[in-house]
Amino acid sequence: MKTLIPFDDRIEAGIRLGEKLKSEDSPAPGTLVLGLVRGGAVIAKHLAETAGLEWDILLVRKIGAPRHSEYAVGAYAEFGELISNKYVLDELGLDQDWLELQQLKAAGECERLHRELRGSQPAPKLAGREIIICDDGMATGLTMFAAVEAVKRAGALSVTVAVPVLPPDALGNLKRRGIVHTYLACPAGFQAVGQFYRDFTPVTSRQVSELLTER
């Protein structure tokens, strides 16, 4: 059956991802679902509830180009993992000193978000666990790749990426990197994740914190 897009909202997308995971390859007991903050937290909650799994969040901050913050040149994930696009850095004339400064800023932002969203609760222990990382979609993939490397470095037994929608080039990058993945749609003409949702209202930190409290 052809996948229907756009999705109504992140709730529907998360449920449909959970149903697909259950039908294709039921995740092992103890598998932990991690949602990239902030939109991925909603996906994680509903994917996990549908598949009967635990869920939590993973803090990752995109590093944007100067004066064009939405143009990703890198990404930083908690646990200290940095992924960057060397080609773009060279193209924009951005050196290692600039990248290290952005990494420090991103690390500070992750620490602030940890306090804001988790309060005194620690980040989940990932060592020896099977992990599913999800978001509301992938565009360049840099944020997700930083998340995958961070989770591997934290000792995860295995890592699977689950997203509702992504462009063909991001799918190709997942395959080239050998990352296990599942998705609902990979349409041509992809411009932005939001174009595939009828409701793509930004998720707030308060909403994420409330979702975590409700578990």
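Bear in mind that the values in this text are calculations on the coordinates, not laboratory data. Treat the numbers as computed from the prediction; the structure is a model and nothing was measured. Note that each Cβ is placed from the backbone with ideal geometry, even for glycine, and that neighbours are counted across all protein chains shown.
Here is how the numbers come out for the structure above:
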item	result
Reduced Cα scattering model of the stretch 99-215, Debye log10 I(q)/I(0), q = 0.13, 0.18 Å⁻¹	-0.64, -1.20
Fraction of beta bridges assigned by DSSP in the stretch 10-214 that are antiparallel (%, nearest 5)	35 percent
Fewest-first ranking of V180, V42, using other Cβ atoms within 10 Å as the exposure measure	V180, V42
Rule-of-thumb Rg ratio for the chain [Cα; 2.2 N^0.38 Å; N residues]	0.97
Expected 222 nm ellipticity per residue - DSSP helices of 4 or more, -39500 (n - 2.57), all of the chain, to 500	-12000 deg cm²/dmol
Burial ordering of W55, W98, fewest other beta-carbon atoms within 10 Å first	W98, W55
Residue exposure sequence - I131, I43, I179 - by fewest surrounding Cβ within 10 Å	I179, I131, I43
Potential extension, L104-Q195 segment - 0.36 nm per residue separation minus Cα distance	29.6 nm
The chain - percent relative contact order, Cα under 8 Å, separation 6 or more	25 percent
Exceeding the 29 Å Cα-Cα cut-off - candidates K45/K86; K86/K175; K20/K125	K45/K86
